[in-house]
There are 2 protein chains.
Amino acid sequence: MTYASPIDISSFTELEEKHDELSECVFALDIGGSLAKLAYQTTFRYKVCLPKQLPDPHSKRKMTVCGPFDFYDYREHEYEGHKLCFIKFETRFIEACLDFIRENIIPNVVNSHQKLVGRVTGGGAFKFLSTITTKLPGITIEREDEMESLVRGCAFLLRNIPDEVFTYDKRAEPAHIFLSSCMVDTYPFLLVNIGSGVSFLKVEAGGSYSRVGGTSLGGGTFWGIGALLSGDGPSFDTLLELADQGDHRKVDMLVRDIYGGAYESLGLAGDVIASSFGLAARRPDETRRPADLIKALLIAVSNNIGQLACLYARLNNVQRILFGGFFIRGHGLTMEVCSIKH
Amino acid sequence: MTYASPIDISSFTELEEKHDELSECVFALDIGGSLAKLAYQTTFRYKVCLPKQLPDPHSKRKMTVCGPFDFYDYREHEYEGHKLCFIKFETRFIEACLDFIRENIIPNVVNSHQKLVGRVTGGGAFKFLSTITTKLPGITIEREDEMESLVRGCAFLLRNIPDEVFTYDKRAEPAHIFLSSCMVDTYPFLLVNIGSGVSFLKVEAGGSYSRVGGTSLGGGTFWGIGALLSGDGPSFDTLLELADQGDHRKVDMLVRDIYGGAYESLGLAGDVIASSFGLAARRPDETRRPADLIKALLIAVSNNIGQLACLYARLNNVQRILFGGFFIRGHGLTMEVCSIKH
């Protein structure tokens with residue numbers, strides 16, 4: 001299991017408005033094909049020093065002097081904040097995830113008089129329902145629609161979290177440019193949700209959406225073929241590290257491998273990939289490292305997702321594309337290839 | 001090297017019209033990334049028995065009686081026919097291909113007073129030009145544009161060869177339905193040329209065309225990753241045979257592997273592939289045969305080509321899609337997955 005940075009949600013009034021006096025949501029869990037993503041809230045307390053209030057001449061209360069000098073006296077005020085925390089588990093270890101909830105999240109819920117609710121989405125909300133209710137007695141499990149949750153979460157991030165959405169351009173300095181308020185009015189956009197497989201959602205103004213397409217060539221394909229090619233049951237991140245060290249030109253057939261140079265009448269440069277893995281059978285005896293294969297694979301999968309995204313965006317008259325999901329991982333090569341102009 | 005059925009072109013007047021008195025094209029060669037495809041013409045003679053001409057009472061010539069009986073006498077007439085023959089070689093053995101031309105084709109050219117021409121296209125027409133001219137002295141090499149040749153050849157097949165173009169529907173009886181004259185007016189159509197990589201061409205009425213897209217995930221990808229997964233430097237056809245014996249559900253993550261059943265609100269059936277190769281990393285210890293992997297790979301590549309073809313067709317307002325290229329091979333599974341409704 002690994003951790004993502006928690007988000008301080010103390011100031012999000014839209015969350016408070018939905019607070020229910022009678023029930024409390026203690027966790028939210030998305031159980032996908034490969035990963036289960038868990039979100040829960042923690043409360044923290046912190047002290048802030050504020051200047052001493054000027055004495056009110058009409059008040060009969062005597063001010064308490066806390067500091068050593070009257071002219072910059074302060075008081076310590078204690079505040080309560082809330083953080084949204086994230087953990088992920090591999091779906092095949094779903095029981096460990098449920099144990100974590102039972103042992104670490106539920107005991108911290110203060111008001112046990114409320115009905116405690118766990119919201120669950122993703123395919124595992126159906127597949128593992130009986131396991132979940134058995135492992136978490138006393139918790140009411142409410143199923144949420146996966147795509148609906150995805151779109152609402154995305155809209156929440158766009159409105160509230162300035163350092164979550166960014167554009168990426170390898171040649172720019174910095175390559176990541178975070179988008180804050182300018183993204184609020186980004187509708188309509190194509191949301192490309194890259195999990196084990198990929199869904200393409202057209203999200204309209206107001207948060208309504210439709211699933212306009214999908215592909216089975218996603219993160220699970222990269223991880224799966226990558227594991228078969230490299231052996232040793234590598235983690236996803238190990239594969240990404242390998243990809244960074246590889247030379248895909250040992251494996252991919254470039255336009256210049258066929259033409260000797262560019263295919264000028266079609267405007268195809270010599271280093272364009274004509275056939276992913278096209279040299280593997282044609283030059284079987286060439287020495288290749290696993291890293292070379294994994295890099296070619298990452299490029300093939302990422303590029304294909306980017307191409308399909310671009311086609312679905314054009315077909316649906318959408319100008320902006322947002323890529324999300326665990327596959328991206330802030331990995332430069334992935335983002336570069338996804339967002340190449342098609 | 002392997003052979004495709006020759007086509008009897010004796011009756012094709014459009015070829016005769018282009019016959020040049022001063023030069024003769026003795027072969028045409030398309031050198032792609034993986035395969036070199038050679039076409040050449042052979043002359044054959046055959047005899048046909050025709051009924052004896054009735055004697056012309058005004059003629060002074062005496063009829064020769066060839067048969068035993070006067071009332072059904074016949075004469076043997078000798079005719080000359082022409083066949084277009086095809087051979088392919090792996091591009092890495094291009095020298096063997098050129099040797100074949102020098103030893104088997106050129107010696108059969110009757111009229112050596114003409115200028116002998118070889119027409120060459122594909123990337124190898126550029127990459128291997130010096131090898132070709134060295135190996136075939138005395139032959140004038142003329143380069144032709146690859147996409148232009150492809151479209152002209154396709155138009156020729158549609159007009160002239162009834163048993164070359166067919167629709168495929170696994171559930172129909174027969175599954176192949178050959179299209180003859182009904183395809184003459186099929187413009188515009190999307191021509192999907194599946195070689196090592198894939199090109200998508202929009203072909204307009206009159207044979208004008210534009211390349212509207214491409215993908216690097218083509219036949220070279222299937223052959224390349226297939227060779228890496230199965231070992232032993234398999235031929236393309238060996239991989240296709242393996243694919244027919246495999247069970248992709250051991251490797252692919254289906255919707256029901258995630259949901260336990262269908263994802264009904266999205267209309268995704270339980271046996272839809274959610275993630276190609278999605279189980280390979282998630283269930284690393286499961287027993288899988290190479291055939292299972294190769295079948296999953298063939299489905300992934302074919303399905304992706306079909307999906308892209310459908311998207312490019314919709315974007316370009318084209319109703320008909322023709323799939324061609326060595327990748328197809330008349331292979332049922334490939335054709336079925338390519339043409340699934342996307």
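The values are calculated or read from the model by the stated rules, or taken from the named source; none is laboratory data. Computed from a prediction, not measured in an experiment: that's the story for all the values here. Positions of Cβ are generated from backbone atoms using ideal geometry, with glycine treated the same way; all protein chains shown enter the neighbour counts. These area figures cover heavy atoms from the full protein model, side chains too; ligands, DNA and RNA do not enter into them. Shrake-Rupley method; radii C 1.70, N 1.55, O 1.52, S 1.80 Å.
Checked against (1) part of a loop (DSSP other than H, G, I, E, B); (2) open to solvent by 10 Å² or more (accessible area, probe 1.4 Å), B:Leu229 meets all criteria but (1). Scanning the range A:250-291 for residues that are open to solvent by less than 10 Å² (accessible area, probe 1.4 Å) and small (Gly, Ala, Ser), we see that the one that is farthest from the other protein chains (Cβ to nearest Cβ) is A:Ala291. Taking the criterion of being open to solvent by less than 20 Å² (accessible area, probe 1.4 Å) and at the interface with chain A (Cβ under 8 Å from one of its Cβ atoms), the residues of the range B:298-311 that qualify are B:Ala300, B:Asn304, B:Gln307, B:Leu308, B:Leu311. Being more than 30 Å from A:Ile94 (Cα to Cα) and either open to solvent by less than 20 Å² (accessible area, probe 1.4 Å) or assigned to a helix (DSSP H, G or I) (or both) is a property that does not hold for B:Val212.
Just a yes or no: is a residue in the range B:161-182 in a loop (DSSP other than H, G, I, E, B) and among the basic types (Lys, Arg)? Before the answer, list the steps.
Within the range B:161-182, the subset in a loop (DSSP other than H, G, I, E, B) is B:161-165, B:169-175, B:179-180.
Then keep just the ones that are among the basic types (Lys, Arg); that gives B:170-171.
The answer is yes; a qualifying residue exists.
Candidates in the range A:314-342 are the residues that are touching an Asp or Glu at 6+ places or on another chain (Cβ under 9 Å) and in a loop (DSSP other than H, G, I, E, B); of these, the one that is surrounded by the fewest Cβ atoms within 10 Å (Cβ to Cβ) is A:Arg329.
Would it be correct to say that A:Thr121 is β-branched (Val, Ile, Thr), out of contact with any Phe, Trp or Tyr (no Cβ under 6 Å at 6 or more places or on another chain), free of Cβ contacts under 8 Å to residues at least 60 places away in the same chain and not assigned by TED's automatic domain parsing to the domain that holds A:Val212? No; evaluated as a whole, the condition is false for this residue. Checked across the range A:216-226, the condition of being touching a residue at least 12 places away in the same chain (Cβ under 8 Å), surrounded by fewer than 21 Cβ atoms within 10 Å (Cβ to Cβ), within 11 Å of chain B (Cβ to nearest Cβ) and at negative phi holds for no residue. Within the range B:139-176, the set of residues being within 18 Å of B:Val203 (Cβ to Cβ), open to solvent by 70 Å² or more (accessible area, probe 1.4 Å) and away from chain A (no Cβ under 14 Å) comprises B:Arg152, B:Arg159, B:Glu164. Here is the figure for the range A:257-272: residues that are in a helix (DSSP H, G or I) and touching a strand residue (DSSP E or B) at 6+ places or on another chain (Cβ under 9 Å) total 4.
Anything in the range A:78-95 that is among the hydrophobic types (A, V, I, L, M, F, W, C) and away from chain B (no Cβ under 14 Å)? List them, or say none. Let's see the steps before the verdict.
At the first step, the residues of the range A:78-95 found to be among the hydrophobic types (A, V, I, L, M, F, W, C) are A:84-87, A:89, A:93-94.
Result: A:Leu84, A:Cys85, A:Phe86, A:Ile87.
Taken across the range B:296-311, residues that are part of a loop (DSSP other than H, G, I, E, B) and either in contact with a strand residue (DSSP E or B) (Cβ under 8 Å, 6 or more places away or on another chain) or not acidic (Asp, Glu) (or both) do not occur at all. For the range A:109-138, taking the residues that are open to solvent by 10 Å² or more (accessible area, probe 1.4 Å), among the hydrophobic types (A, V, I, L, M, F, W, C) and outside any loop (DSSP other than H, G, I, E, B), the one that is farthest from the other protein chains (Cβ to nearest Cβ) is identified as A:Leu116. Looking across the range A:2-17 at every residue that is of a type in the set (A, V, I, L, M, F, W, C), at pLDDT below 75 and outside any loop (DSSP other than H, G, I, E, B), the one that is most open to solvent (accessible area, probe 1.4 Å) is identified as A:Leu15.
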